[in-house]
Amino acid sequence: MAISALPPFNGFFSEWLCFQSLFSGANLGGSLGLTFLLSAGFLAFTSALAAACFVKAFGVSFLARTRSHEAEHAKEAGPAMLSGMGILALLTLVFGVFAGSISGLLAKTSLGLSSLAGSELESVFNFNNLQTPQNFSAVSAPAVFSGLLLAIGVVAAVIYFITRKNKVTANRTWDCGHDIRQGMEITATGFARSIIVIFRGLLKPTKQTSIEYHDDEMRYFPKRQSIDVGRDDVYQHFFYIPLKRVSYWLSEMAKKIQNGNVNLYILYIFATLIILLLITVR
Amino acid sequence: MTLAFIWTIQIILVLGLSPLLIGIIKKIKARLQSRQGINLLQPYRDLWKLLHKDEVISTDASWIFKFSPYLIFGLTIFLAINLPVFARLNFPYVGDFLLVAYVLALGTFFLALAGLDIGSAFGGFGSSREMTLASLAEGGLIFSFLVLAIAAKSTNIYAIAGFVSQASVFYLLPIILAAISFVMCLLAENSRYPFDNPSTHLELTMVHEAMILEYSGKRLALIEWAAYNKLFIFAALAAGLFLPFGLSFGAGIFGMLIYLAIFSLKILFIGVLVAVLESTLAKFRFFRLPDLLFTAFILNILAIVLIISL
């Protein structure tokens with residue numbers, strides 16, 4: 001939740017500050033303002049995609065039924081291992097709730113940088129509240145946290161009071177009268193598939209299907225069917241691989257002139273000396 | 001004291017009137033299809049009945065499935081505080097629009113997790129679609145707020161509402177553009193036509209209904225009621241931000257009553273708009289929806305460019 005920038009965790013307040021700086025940039029106007037604006041737009045889209053990603057990651061790994069035999073017998077780790085993660089998780093909440101004070105402390109260090117000296121950073125953070133200059137916007141982290149907590153608590157209490165006589169039974173998940181099996185759950189690939197299809201121009205997904213038939217003449221009864229879905233890493237495809245090719249090509253060229261023959265190297269030194277001599281004399 | 005009083009009124013308004021809004025929309029849709037339609041108060045009866053029913057929970061469900069309805073409903077109460085119903089209210093730490101957008105996203109996040117939690121094929125696909133739509137709609141939503149925020153020089157919803165009510169005629173075009181894209185996002189976020197069919201069960205293309213398929217009893221009531229509230233909250237945001245007329249009545253009980261009457265009329269107008277839009281539009285193919293949402297986003301960019309160049 002923190003990483004998807006959801007309130008009241010630290011990610012939200014970081015993102016909030018990030019948005020604010022981009023918005024104040026957009027107020028500058030002109031092409032510079034437009035650049036800030038577009039980056040804010042990308043931030044808005046990516047933050048929501050991050051949420052989608054972590055629903056997928058958490059939902060597929062921890063929720064619903066297990067897919068493998070090993071996972072079925074998974075046990076909770078010992079208290080020492082849990083506390084390590086627990087402290088970090090708690091910190092995201094603490095940093096969220098006290099976002100104002102903590103970013104105030106951080107601001108002091110960045111004020112030491114000469115490029116930021118005299119900026120309005122300090123006015124942004126007063127105790128526990130974040131507020132940008134000229135009253136552009138403000139948010140209070142503890143108020144958000146306590147408000148959410150209070151609202152949820154009241155709802156839970158009222159609903160408990162109204163429905164205290166109702167029975168709750170546990171039963172199987174309904175799935176159209178079939179037996180529900182592990183294979184029916186959505187997988188991580190399936191979950192992200194629609195997003196990938198929407199951005200297929202950018203992500204270039206690949207798909208390969210192969211079918212093996214019982215009888216190749218009569219293609220009605222498939223024996224085995226497999227589908228292979230892949231997606232290239234965009235950065236790898238358009239950045240790293242061309243970069244690698246260029247560097248390989250350069251080293252191939254270097255190999256031609258650098259073939260290990262000592263006489264040749266002496267020739268290079270001699271040629272360089274002569275060229276340098278010509279340059280200096282002229 | 002007045003602050004607490006106003007918040008109480010807003011919460012009561014949202015929770016109390018949201019089923020009525022749904023009832024009105026359903027009635028109008030039914031009439032446009034030449035049907036008699038349900039009673040306007042039927043949504044209240046549904047909620048009451050569901051709250052008194054026993055509940056069945058899947059054996060595969062974890063605490064997320066059980067906790068989500070309370071969280072989602074609680075969020076709508078929290079959002080009710082942040083609504084620009086009374087634009088005269090000037091309290092700086094309430095009503096930041098980024099907060100509103102992200103609290104909405106928090107609700108979507110938990111609803112999608114709950115959909116995944118029960119291990120049914122429907123729930124998973126519902127969550128996948130919901131997160132896809134939400135991730136595309138969020139940009140449009142934030143930016144339709146941002147158009148007004150840049151014009152009003154504040155991201156506070158109350159300040160924006162105050163600004164729009166006195167905006168000069170030059171701002172009319174950008175505000176209309178932002179309003180159009182806000183309505184698109186309203187339809188997307190509330191799973192209405194052309195994004196989703198709100199009255200379907202067991203259609204393979206369903207989004208919202210697929211996620212809540214396993215809920216029953218009080219938790220279903222909470223989820224449904226939260227969905228009603230969400231629509232009402234969007235309608236109130238639209239009313240407050242894009243139709244801010246009649247804010248200038250004097251203080252006191254009488255002025256407030258007139259104001260509330262006008263506010264209800266505005267909500268009614270948006271309800272009629274949604275109903276008519278839903279009746280005249282066909283449901284889109286899922287992979288054509290991004291075009292619509294990107295259109296909303298680009299309209300906003302246009303509006304912002306207009307505002308900056310003013």
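Read-outs: derived from the displayed coordinates by stated rules, not from any lab. These figures come from a predicted structure and were not determined experimentally. FYI the Cβ positions are ideal-geometry reconstructions off the backbone, even for glycines, and counts take in every protein chain you see.
Only Lys, Arg, Asp and Glu count, each charged at its Cβ (+1, +1, -1, -1), so figure out the dipole size of region A:188-282 about its Cα centre, rounded to 20 debye.
Dipole of region A:188-282, to the nearest 20 debye: 420 debye.
Listed highest first by mean packing, meaning other Cβ atoms within 10 Å per residue, what order do B:96-108, B:158-170, B:12-24 come in?
Peptide ranking by packing, descending: B:96-108, B:12-24, B:158-170.
FRET efficiency for residue A:266 and residue A:246, Cβ-Cβ distance as r, R0 = 41 Å, nearest 0.05?
The formula returns an efficiency of 0.85 here.
Counting only other chains, and only Cβ atoms inside 10 Å, what mean value do you get across the residues of A:33-44?
4
Counting only other residues whose beta carbon sits under 15 Å from that of residue B:142, what net charge do I get with K and R as +1, D and E as -1?
-4
Looking at B:103, B:17, B:65, which one has the Cα that reaches farthest to the positive end of the dipole of region B:10-169 (charges on Cβ: Lys, Arg +1; Asp, Glu -1)?
B:17
Let me test this: with uniform point scatterers at the alpha carbons of region A:236-281, what is the Debye-based log₁₀ I(q)/I(0) at q = 0.15, 0.25 1/Å?
For region A:236-281 at q = 0.15, 0.25 Å⁻¹, log10 I(q)/I(0) is -0.60, -0.85.
Going by alpha carbons, how many degrees (0 to 90, nearest 10) lie between the helix axis of B:172-189 and the longest principal axis of chain B?
10
Roughly what % of Cα-Cα distances in region B:1-67 sit above 18 Å, to the whole percent?
Value for region B:1-67: 62 percent of Cα pairs lie more than 18 Å apart.
If I take R0 = 60 Å and measure r between the Cβ atoms of residue B:59 and residue A:258 in this structure, what FRET efficiency does the formula 1/(1 + (r/R0)^6) give, to the nearest 0.05?
0.30
Give me Rg over Rh for chain B, both radii from the alpha carbons and Rh done the Kirkwood way, two decimal places.
Using only Cα positions, Rg/Rh for chain B is 0.96.
Compare the peptides B:278-291, A:185-198, B:114-127, B:48-61 by average per-residue count of other Cβ atoms within 10 angstrom and give them in order, highest first.
B:114-127, A:185-198, B:48-61, B:278-291
In peptide B:69-80, what is the residue-averaged number of other protein chain Cβ atoms found within 10 Å of each Cβ?
5
Any idea what angle helix B:217-242 forms with the longest principal axis of chain B, computed on alpha-carbon atoms, 0 to 90 degrees, nearest 10?
Once rounded, one gets 20 degrees.
Just tell me how shielded B:206-219 is by partners: mean number of partner chain Cβ atoms within 10 Å of each residue's Cβ, no decimals.
2
In debye to the nearest 20, how big a dipole does region B:54-173 give about its Cα centre with +1 on each Lys and Arg Cβ and -1 on each Asp and Glu Cβ?
Dipole magnitude for region B:54-173 comes out near 520 debye.
Using a Förster distance of 60 angstrom, determine the FRET efficiency expected from the C-beta separation of residue B:36 and residue A:160, and round it to 0.05.
My answer for the efficiency is 0.95.
Enumerate the residues in region B:30-56 having an amide nitrogen under 15 Å from the point lying 7 Å beyond the Cα of residue A:169 toward its Cβ.
Residues passing the 15 Å test: B:53-56.
Placing unit charges on C-beta atoms (Lys and Arg positive, Asp and Glu negative, everything else neutral), compute the dipole magnitude of chain B about its Cα centre in debye, rounded to 20.
About 740 debye.
Sorted by average packing, counted as other Cβ atoms within 10 angstrom per residue and highest first, what order do A:236-244, B:62-70, A:211-219 take?
Peptide ranking by packing, descending: B:62-70, A:236-244, A:211-219.
On alpha-carbon atoms, Rg over Rh for region A:191-282 using Kirkwood Rh?
1.44
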